[in-house]
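Colleague: First, the structure itself, so that you have it in front of you.
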Amino acid sequence: MHITFAVACDGADIATIEGFNHDEIMIELRDAFKREHALQCGYCTPGMLVSARDLVLRLPQADERSIRIGLSGNLCRCTGYVGIVRAVQSVIEARRARDIAPMPDGGRKILGPVGSGRSGADRTERMRSVGSEPMSPEAVGSAHSIPDFIPATVLEQQFSVAHPPEQVFAMFDDIAAVAACLPGASLTAPPKPARVEGAIRVRIGPIAATFQGGARVERNPADMSGRIVGIGSDRRSRSSTQGEIRYRLVPIEQGTRVDLSIGYTLTGMLAQVGRPGLVRDLAARLIAEFAGNLDRRLSGTSQGEATAVELNGMALVFSLLRARVAHWVGRFSSKDDGAA
């Protein structure tokens, strides 16, 4: 299937696979897909073909990495992608051998959704007007404020530390100390009372990313709560994120409970693997390490340098399986009780 946000097609002319039945490039691609065994169930094939046609038009040569990046907005569940990439390569090579030169930007003056007939600039301007367009790190450096946004996903987390709320709240005012407690985080500029610029490194199995950007810091001493709104991007994967952390300190008998609401929106290549289940597991592990580091710092215990968190892929699979099995057992138990 092809991953495209509906808002990105607002006002666009949409061309489906049926609209290319007699297209010369599409005919070549269909033959190549058959020849290279680049299709199985066919669920993703329309999106693959439409994206592949754009690559055939644009790419000067059959570079495998460029083809894979160009097809990264499509997910295939059964072919393994090798035959698909080979098919696209063969068509590009054949057309260049016939002296058919590539067309810059596929014949579009400004890049936008393939086949939309609309400029990306017009769409970006509309999206910025409602505050939904992520800002780049360069824009963060020059902007006076970081905009609010509506998160695509919100996670609720909490942890406790054996220290009074006043001490924890005062600690949260020390941005450099807080960053030192967060695994993978680092500051790229001297922190200011209401603003911080930095980076955070995250590793999920073989996938690593370094998001650089800035954050706006808000605090409310009256109820010991606060909010951090940030944006960042990973240049390597061309992925961007917007994040919001809301926290509230609650006195408990043994110290302080920290209630967290974590909202985020992720776009780009990493959005394909940033599923809520994986992100929830990552957030839980990050917060567990952050809580331990915070407790040690509040206790005056020496703390080593924080490092990027690496999630074990099998651990994620087993945790998901455990949750699924527990759900099934609960359903069967409920049925048995009802039958009894």
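Colleague: Over all distinct alpha-carbon pairs, what is the Kirkwood Rh of the range 1-92 in angstrom?
Modeller: 13.4 Å
Colleague: In what sequence, highest mean first, do 167-175, 227-235 appear when ranked by Cβ atoms within 10 angstrom?
Modeller: For the peptides 167-175, 227-235, the packing ranking is 227-235, 167-175.
Colleague: Can you list the HN-Hα couplings for the range 223-236, worked out from phi with the Karplus curve (6.51, -1.76, 1.60; θ = phi - 60°), rounded to whole Hz and with x for Gly and Pro?
Modeller: For the range 223-236, the Karplus curve yields 10, 6, 10, x, 8, 10, 10, x, 9, x, 8, 10, 5, 4 Hz.
Colleague: Can I ask one more? How much length is gained if the chain between residue 261 and residue 174 is pulled fully straight, taking 0.36 nm per residue apart and subtracting their Cα-Cα distance, in nm to one decimal?
Modeller: That pair, residue 261 and residue 174, stretches by 29.3 nm at full extension.
Colleague: Another question, if that's okay. Quick one: length gained pulling residue 254 to residue 96 fully straight, 0.36 nm per residue minus the C-alpha distance?
Modeller: Between residue 254 and residue 96, full extension yields 49.7 nm more.
Colleague: A further question follows. Mind checking the range 195-274 for GluC sites (Glu not before Pro) that DSSP puts in a loop (not H, G, I, E or B) and that have at most 12 other Cβ atoms within 10 Å? Spell out each step's value before the answer.
Modeller: On the way: sites: 197, 218, 244, 253; in loops: 253.
Passing both the DSSP loop test and the Cβ count: 253.
Colleague: What are the radius of gyration and Dmax of the range 216-288, computed over its Cα atoms and given in Å?
Modeller: 14.9, 46
Values quoted throughout were computed directly from the atomic coordinates according to the rules given, and no laboratory measurement underlies them. Remember, predicted model here, so these are calculated numbers, not experimental data. So basically every Cβ, Gly included, is an ideal-geometry build from the backbone, and we count neighbours across all protein chains shown.
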